[in-house]
Structures are given as C-alpha cells and as structure tokens.
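The values are calculated or read from the model by the stated rules, or taken from the named source; none is laboratory data. Fair warning: this is a prediction, and the values are worked out from it, not measured in the lab. Note that each Cβ is placed from the backbone with ideal geometry, even for glycine, and that neighbours are counted across all protein chains shown.
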Amino acid sequence: MKINPYLMFNGNCEAAFKFYEKCLGSKIVMLMTHKDAPSAENVPAGWHDKIMHVCLHLGDCLLMGSDSPSGYFETPQDFYVQISVDEPIEAEHVFHALAENGKVKMPIEQTFWAIRFGMLVDQFGTPWMVNCEQAA
C-alpha cells in the first residue's frame with residue numbers, strides 16, 4: 001500500500017507542477033488538460049487548458065494534482081506535504097527551492113531529531129516540511 005498526496009489548485013496547477021518538477025529534480029510523467037478528456041465538450045471554454053490530472057514521479061511515490069472546478073477550491077490548511085531526504089545539502093537545496101516566493105514557517109536547521117528540518121508554504125499555497133533525519 002502507498003499513500004500519494006493529491007493537491008488541488010485554483011487554476012495554477014500546471015505552473016505549480018512545473019515548479020515542483022524543477023525544485024525536486026523530478027519528472028512529470030502524466031499531464032492531462034480538460035480539453036484532452038472525452039468530456040471536453042461539457043467543460044467551459046475557459047477551462048480547456050486547466051489541469052484535469054497530473055503526476056510527478058518522486059522515487060517510488062507520486063505527487064498528483066489538478067485544478068479544482070470553479071467554486072470548489074479551498075485553501076489548504078492543517079496538513080503538510082512532508083519530504084524525507086538523505087543528505088543535509090539536498091534538504092537545504094529542496095527547502096530553499098520550494099521557498100522561492102513563498103513563506104518560511106520554520107527555517108531549515110538542525111533539531112533534536114533531524115540534521116535538517118524546515119517548514120514552508122510555497123508560492124502556490126502548498127505547505128511543505130523538509131526533513132533529513134540523523135543517522136541511526
């Protein structure tokens with residue numbers, strides 16, 4: 001069993017996932033707009049280029065998302081997407097890349113449980129934790 005986060009956006013899903021692809025050094029493996037779907041004729045013209053579904057490959061997990069239909073988007077709250085990395089330098093790089101034009105909630109630093117840990121909300125409103133645990 002796996003858990004893969006599914007993020008919803010207010011019309012800027014494609015920009016967010018291209019940003020995540022760059023920040024996380026990963027690859028978008030699937031991207032479908034509403035105009036690509038069999039039901040495209042039922043979608044308002046302004047939504048044809050909005051994302052129906054996108055998948056970003058991250059190791060053995062996927063980060064997925066889409067644009068919420070008009071009137072359905074709610075600002076994310078009370079959760080974080082947590083990323084575990086093996087090396088402190090990688091944690092620093094990922095944290096600072098995701099923090100670009102976002103808001104740092106807790107600067108990345110050493111804690112009693114991790115060599116590096118930090119929290120932020122990115123420029124698209126997605127909350128992230130970056131964690132690099134200490135060696136056992």
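For a quick check of your reading of the model, give me the residue pairs whose first member lies in region 117-136 and is more than 14 Å from residue 93 (Cα to Cα) and in contact (Cβ under 8 Å) with a residue 24 or more places away in the chain, whose second is hydroxyl-bearing (Ser, Thr, Tyr) and surrounded by fewer than 21 Cβ atoms within 10 Å (Cβ to Cβ), with beta-carbon atoms closer than 9 Å and at least 6 apart or on different chains.
125/75; 126/80; 127/80; 133/84
Within the group 35, 103, 2, which residue is modelled with pLDDT of 95 or more and not acidic (Asp, Glu)?
The match here is 103.
Please find, within region 43-59, the residue that is surrounded by the most Cβ atoms within 10 Å (Cβ to Cβ) out of those that are of a type outside the set (A, V, I, L, M, F, W, C) and farther than 16 Å from residue 12 by Cβ.
So the residue we want is 57.
Could we say that residue 46 is under 25 Å from residue 84 (Cβ atoms) and without any contact (Cβ under 8 Å) to a residue 24 or more places away in the chain here?
no
Is it true that some residue in region 95-113 is in contact (Cβ under 8 Å) with a residue 40 or more places away in the chain and surrounded by 15 or more Cβ atoms within 10 Å (Cβ to Cβ)?
Taking every residue of region 95-113 in turn, at least one turns out to be in contact (Cβ under 8 Å) with a residue 40 or more places away in the chain and surrounded by 15 or more Cβ atoms within 10 Å (Cβ to Cβ).
Report, by residue number, each residue of region 15-26 that is out of contact with any Ser or Thr (no Cβ under 8 Å at 6 or more places or on another chain) and assigned to a helix (DSSP H, G or I).
Matches in region 15-26: 15, 17, 18, 19, 21, 22, 23, 24.
Checking residue 50 against (1) at pLDDT 90 or above; (2) basic (Lys, Arg); (3) under 24 Å from residue 131 (Cβ atoms), which single condition isn't satisfied?
(3)
Hey, does region 30-42 have a residue that's within 29 Å of residue 96 (Cβ to Cβ), surrounded by 13 or more Cβ atoms within 10 Å (Cβ to Cβ), among the polar types (S, T, N, Q) and outside the structural domain of residue 99 (by TED's automatic domain parsing)?
Scanning region 30-42, I find no residue that is within 29 Å of residue 96 (Cβ to Cβ), surrounded by 13 or more Cβ atoms within 10 Å (Cβ to Cβ), among the polar types (S, T, N, Q) and outside the structural domain of residue 99 (by TED's automatic domain parsing), so the answer is no.
Would region 15-31 turn up any residue that is closer than 17 Å to residue 125 by Cβ and either modelled with pLDDT under 95 or of a type in the set (Ser, Thr, Tyr) (or both)?
Yes, because at least one residue in region 15-31 is closer than 17 Å to residue 125 by Cβ and either modelled with pLDDT under 95 or of a type in the set (Ser, Thr, Tyr) (or both).
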